[in-house]
Structure formats: C-alpha cells, structure tokens
Amino acid sequence: MKIYCTRNELNRAINNVSHSIPTRTPSPILEGILIETKGDRMYLTATDTNMTIESNIPVDSEGDVSFVIEEKNFANIVNKLPEEEVLMDYNHEKNQIKINSGKSSSTFNCFSADEFPRFNIGEGQKIILSKKDIKNLIRKTSFSASADELNGVLTGILIELGDGNLRMVAVDTFRMAIYNAKVDTHEKLSIVVPAKLLGEVSKIISDDDNDEQLFMEIVDNKVVMLFDNNRVILNTLNGKYIDYNRIIKAESSIKIRTSRIELMKSIDRAAIIASAQNNNLIKMKIEDDQIEITSLSEKSSIKEMVEIMKEGDNLEIGFNSRYMMDVLKVIDDEEIILS
C-alpha cells in the first residue's frame with residue numbers, strides 16, 4: 001500500500017515524537033514509532049509510558065494501515081532523503097515498509113501495531129493558553145524543580161488552576177519559582193507534572209505565531225496538550241506538594257530595585273572565582289545605594305559593585321551563584337526587585 005508525503009513534514013513529525021522515545025528500555029516496541037494512516041492524515045506516535053507524543057501530517061494514501069517502525073534508523077534515513085517527495089510503500093504480508101525518495105530506497109522490518117501500548121483518555125475541561133504563555137510558564141519555573149529522583153514530588157512542577165488563573169510552582173528546597181497566566185476558566189484543581197516531561201513539551205512547541213492557541217486538558221490524572229497538529233499525554237506525580245504559600249508570606253525587611261543585566265553580569269564574573277567545592281558561594285553586602293558582590297578562592301578573589309535603590313535595612317548574605325544566574329536568565333524585565 002502506497003503512502004505519499006513530503007520529507008519536511010515527515011521529518012518534523014519524527015523529530016517531535018522522538019522526544020518520548022526512552023533512552024533505555026527492556027521493551028523493543030517502545031524504541032519504535034507507531035504509524036497509522038486514517039484518510040488523508042498520517043499519525044506518528046511514540047511513548048515511554050510516562051509521556052506519549054502523537055504528531056499528524058497530511059498524506060495521499062491508498063488506504064488505512066498501521067505498523068510500528070524502529071525510530072533511530074528511520075529518523076536518520078528520512079532526515080537525509082535526497083528529494084522532497086517521499087513514497088512509503090507498506091507490504092502487509094512481509095510486514096515491511098519501503099521508503100523511496102529520488103534514487104534512494106530503504107526497506108525496514110516492522111513490528112505489529114497490536115503490540116504498541118494504547119492510552120484511552122477521556123475528555124476534560126479544555127484550558128486555552130497561547131503557546132507563548134505555556135512556554136513561559138515552563139521556562140520560568142522548571143529550573144527550580146529538583147533533579148534528584150529521591151526527592152519524589154519535588155522533581156515535578158505544581159500546576160494550580162483557580163479563579164481564572166493558572167499557576168506553575170517549582171521548589172527544590174533551596175529555591176522556588178512561581179509564574180502565573182490568565183485563563184478563561186474558573187475550575188479549581190491541583191496536580192504535579194514531572195518537570196523533565198514539561199521541558200520536552202516546550203522543545204516541540206514551535207516559535208511560529210506565539211499567539212496561536214494551545215489547548216490543555218487535565219483528565220484521569222493525566223495532562224493532555226493539543227497544539228501544532230500534536231497531542232501530548234503526560235503522567236502526573238503522586239504525593240503531597242510542599243506548602244509554598246508559607247514561604248511567600250514571609251515578611252521582608254528590605255526591598256531593592258536594580259538592573260537585571262548589570263546584576264547578572266557582576267554575578268557571572270564573581271561565579272568564575274566561586275569554588276564548586278564551596279557551593280559556588282558569592283557574598284552580597286547591601287548597603288545604601290549599592291551591592292558589593294565578592295567571591296574568594298584559594299588562588300584569587302573578586303569584588304563587584306552594582307548600583308541599587310534600597311528601602312529598608314542593610315544586609316549581608318551569601319548565595320549559590322548558579323542558583324542566582326538561573327533565575328536572572330529567565331527574567332525578561334530590565335529592572336528587577338529583590339526583597
């Protein structure tokens with residue numbers, strides 16, 4: 001059975017679903033991509049059972065068919081095909097697919113589609129966001145999630161929905177990040193999604209037309225996202241999340257306004273001297289209209305001065321320079337407030 005498509009469309013879909021191919025698995029079927037044709041669309045699906053990505057493209061097909069093809073060589077061949085037009089010719093009796101383009105012809109043995117895991121997801125309330133909003137929500141929180149699997153639920157990002165607001169929160173016990181976006185729903189719920197999975201989702205959301213809509217559903221303890229001819233299904237994490245509101249409500253005795261860029265440049269230079277063995281420690285002495293940033297190692301030292309506007313007490317405090325840089329890199333505003 002013949003299926004006609006374009007190399008660029010096929011390559012894009014393969015690249016998208018490949019984000020959910022596991023690096024190691026005892027199950028060979030999970031190293032493959034499920035390919036299904038339905039009418040004039042071809043659906044490519046890959047899963048590691050925690051994240052499933054489905055991407056569809058337009059095709060001209062002689063009928064409906066489904067099979068599973070090993071991802072690695074398939075992806076590499078498609079990426080290097082000589083012509084834009086691609087003919088995929090599936091032999092049902094041999095369970096083989098032939099990929100033709102120009103003078104290139106490759107044949108792959110396939111797995112049965114019956115072996116591929118399926119996930120039947122119900123329907124939940126659709127939450128509408130722009131692609132820009134969801135990418136910002138992920139980018140401005142995911143760096144604060146724990147990378148240590150022993151920290152369980154703290155490896156995830158808390159998603160809270162309520163009063164027309166969607167909030168994402170990430171905490172790793174050393175730092176916390178919170179970001180909000182307005183949504184057109186007053187449904188209330190709270191779930192935790194692995195930060196690593198949300199990071200993979202962000203990679204496949206195109207930067208074209210950032211105002212374009214993305215639909216998100218939370219149903220059956222899973223998060224489903226629909227965008228750019230893609231459907232992504234994410235498992236959630238079990239466990240009670242930290243009460244982050246207690247941290248937010250802590251009173252502050254000092255408030256500082258300063259240039260984000262100038263502060264970031266100074267910390268970046270001080271971080272060169274900061275010792276990894278000393279937790280990348282930099283010290284800040286906040287006094288009057290400036291911050292004195294210092295760092296010391298066995299062989300060198302550095303002192304940086306940054307102009308500020310301050311309300312409240314003077315302060316001396318130490319920070320992990322990497323943690324500070326992670327925050328400053330995802331802030332878009334020129335002026336920031338420290339408290």
>> Over the Cα atoms of the chain, each weighted equally, I'd like the Debye log10 I(q)/I(0) at q = 0.06, 0.09, 0.12, 0.16 Å⁻¹, rounded to two decimals.
In response: -0.31, -0.63, -0.94, -1.29
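Which value at 222 nm does the chain reach when only helices count, each DSSP H run of 4 or more adding -39,500 (n - 2.57), with the total divided by all residues and rounded to the nearest 500 deg cm²/dmol? Before the final figure, lay out each step's value.
Values: 7 runs with 67 residues, N = 339.
Computed mean residue ellipticity for the chain: -5500 deg cm²/dmol.
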> Which FRET efficiency value, to the nearest 0.05, do you get for residue 40 and residue 245 by plugging their Cβ-Cβ distance into 1/(1 + (r/R0)^6) with R0 = 41 Å?
Replying inline: 0.20
> On the first, second and third principal axes, largest extent first, how far apart are the outermost C-alpha atoms of the stretch 2-115 in Å?
Replying inline: 36, 28, 23
>> How big is the dipole moment of the chain about its Cα centre under a simple scheme where the beta carbon of each Lys and Arg is +1, that of each Asp and Glu is -1, and everything else is neutral? Debye, nearest 20, please.
In response: 700 debye
> What ratio of Cα Rg to 2.2 N^0.38 Å holds for the stretch 251-338?
Replying inline: 1.05
>> What does DSSP give for the chain in terms of the percent of beta bridges that are antiparallel, rounded to the nearest 5?
In response: 100 percent
>> Calculate the FRET efficiency for residue 125 and residue 60 from the Cβ-Cβ distance with a Förster distance of 35 Å, rounded to the nearest 0.05.
In response: 0.45
>> At a threshold of 8 angstrom on Cα-Cα distance, excluding pairs fewer than six apart, so keeping six or more, what relative contact order does the stretch 126-247 reach in percent?
In response: 28 percent
> What angle do you read, to the nearest 10 degrees and between 0 and 90, between the alpha-carbon axis of helix 7-17 and the longest principal axis of the chain?
Replying inline: 60 degrees
> Which residues does a label at residue 260 reach in the stretch 146-175, if reach means a backbone N under 12 Å from a point 7 Å past the Cα toward the Cβ?
Replying inline: none
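Stretched out fully, how many nm does the piece from residue 283 to residue 73 gain, at 0.36 nm a residue minus the Cα gap? Walk me through the numbers before you get to the answer.
On the way: separation 210, 0.36 × 210 = 75.60 nm, distance 5.10 nm.
So the extension gain works out to 70.5 nm.
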> Roughly how many nanometres apart are two label points built 7 Å out from the Cα toward the Cβ at residue 175 and residue 309?
Replying inline: 2.6 nm
>> With just the Cα atoms defining each centre, how far is the stretch 93-161 from the stretch 221-263? Give it in Å.
In response: 21 Å
> Roughly speaking, what % of Cα-Cα pairs in the stretch 126-247 are separated by over 17 Å, rounded to a whole number?
Replying inline: 53 percent
> For the peptides 47-55, 128-136, what is the packing order when you average, over each peptide's residues, the other Cβ atoms within 10 Å and list the highest mean first?
Replying inline: 47-55, 128-136
> So what is log10(I(q)/I(0)) for the stretch 278-320 at q = 0.25 1/Å, when the Debye sum runs over its Cα atoms only?
Replying inline: -0.86
> Relative contact order for the stretch 165-315: what is it in percent, counting Cα pairs under 8 Å that are at least 6 residues apart?
Replying inline: 15 percent
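Quick note: the coordinates plus some simple rules give every number you see, no bench work behind them. Keep in mind that this is a model prediction, so the values were computed, not measured. Note that each Cβ is placed from the backbone with ideal geometry, even for glycine, and that neighbours are counted across all protein chains shown.
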